[in-house]
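What follows is a single structure, written as structure tokens, with notes after it.
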Amino acid sequence: MKKHYGNVVLVTGASSGIGKACAEYLAQMGYKVYGTSRKAPEIPDTGEKDGQAANSSKKSGITMIRMDVCSEESVKAAVSKIIELEGEIGIVVNNAGMGIAGSVEDTSPDEAFLQMDTNFFGMHRVIRQVLPYMRQKGRGLIINISSVGALFPIPYQSMYVASKAAVEGMTGSLRNELRPFGIKVAFVEPGDSRTGFTGNRMFVKQDGESSAYWQYSKKSVAIMEKDEMNGPDPAAVARAVAKLTGRKNPPVCVTVGLKYKIVVFLKRFVPKSLESFIVSKMYGC
């Protein structure tokens, strides 16, 4: 596969799930991959250049570095370190994210902001830091990981849905803004995937037995978690991401999985009121 965007890849949220699968797959293709995690060690200042990072994993071909996408300073430091070592970042896979479940009424402003800060503003922070270097090179590819959930009114996942819908809207605008600079932008819509995301899902503090929504929320989230645990391996998403890296003119959106492609296609012909009714019944409302 021809490498149109150089050999250096940054994958955020690469310690598990989709991010880890993407990092490993791209490393196997011969890319020099830097994966990020909030708990990863910092790359020490060794004075070594040209990618000779002392912290590199020789077996996997992936160098894990510390980055908290909710911190401007952390994002800037991680990107600057990669540029210092490699001289460029050709491809970015913005995957870092999390989910908060609960009704809209029970979700506090702080909890809503945490969801948006991680999934949307975190992505924005990374993009802002890498773009000056991509523009300097006159090339680059940014792949934002969204979700099929961005397209549907899933109950008790409102803030997650909102964050991913925001990602898709921003990605489309960014794609147009970067056309004159030779930088490509796309987003990927996975469906339910079998990852640690399910076990790491947070719940709003007021989503307890005292909540008016408790019984409905509990039932709805249980249905979703069952679908996630029975979903496909994240390797399917990694393959879709890898295909985008090999395309000189990637499409704006790739939906992963035949079932989800069909659902997204049929969505165009279903009235919003009917769509809302169907989704509510799917999730026990």
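The values are calculated or read from the model by the stated rules, or taken from the named source; none is laboratory data. Fair warning: this is a prediction, and the values are worked out from it, not measured in the lab. Please note: Cβ atoms are built from the backbone with ideal geometry, for glycine as well, and neighbour counts cover all protein chains shown.
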field: Whichever residue in region 79-113 is touching a residue at least 60 places away in the same chain (Cβ under 8 Å) and either in contact with a His (Cβ under 8 Å, 6 or more places away or on another chain) or in a helix (DSSP H, G or I) (or both) and, among such residues, is surrounded by the fewest Cβ atoms within 10 Å (Cβ to Cβ)
entry: GLU111
- prompt: Within region 262-275, which residues are touching a Phe, Trp or Tyr at 6+ places or on another chain (Cβ under 9 Å) and not β-branched (Val, Ile, Thr)?
  reply: LYS267, GLU275
- request: Looking only at region 204-215, count how many residues are within 11 Å of CYS285 (Cα to Cα) and either at pLDDT below 90 or surrounded by 17 or more Cβ atoms within 10 Å (Cβ to Cβ) (or both).
  value: 1
task: Go through the residues of region 205-212 one by one and say whether even a single one is among the hydroxyl-bearing types (Ser, Thr, Tyr), closer than 25 Å to ILE100 by Cα and more than 15 Å from the chain's Cα centre (by Cα).
output: yes
message: Is it the case, given these coordinates, that GLY199 is under 19 Å from the mean Cα position of the chain (by Cα) and without any contact (Cβ under 8 Å) to a residue 12 or more places away in the chain?
response: yes
- prompt: From the list ILE154, ILE127, which one is touching a strand residue (DSSP E or B) at 6+ places or on another chain (Cβ under 8 Å) and buried (at least 18 other Cβ atoms within 10 Å of the Cβ)?
  reply: ILE127
query: Name the residues in region 206-224 that are within 12 Å of PRO155 (Cβ to Cβ) and not in a helix (DSSP H, G or I), would you?
result: TYR213
statement: Here the residues within region 230-259 that are of a type outside the set (Val, Ile, Thr) and touching a helix residue (DSSP H, G or I) at 6+ places or on another chain (Cβ under 6 Å) are PRO234, ALA235, ALA238, ALA242, PRO250
- prompt: Can you find a residue in region 162-173 that is under 20 Å from VAL221 (Cβ atoms) and crowded, with 19+ Cβ neighbours inside 10 Å?
  reply: yes
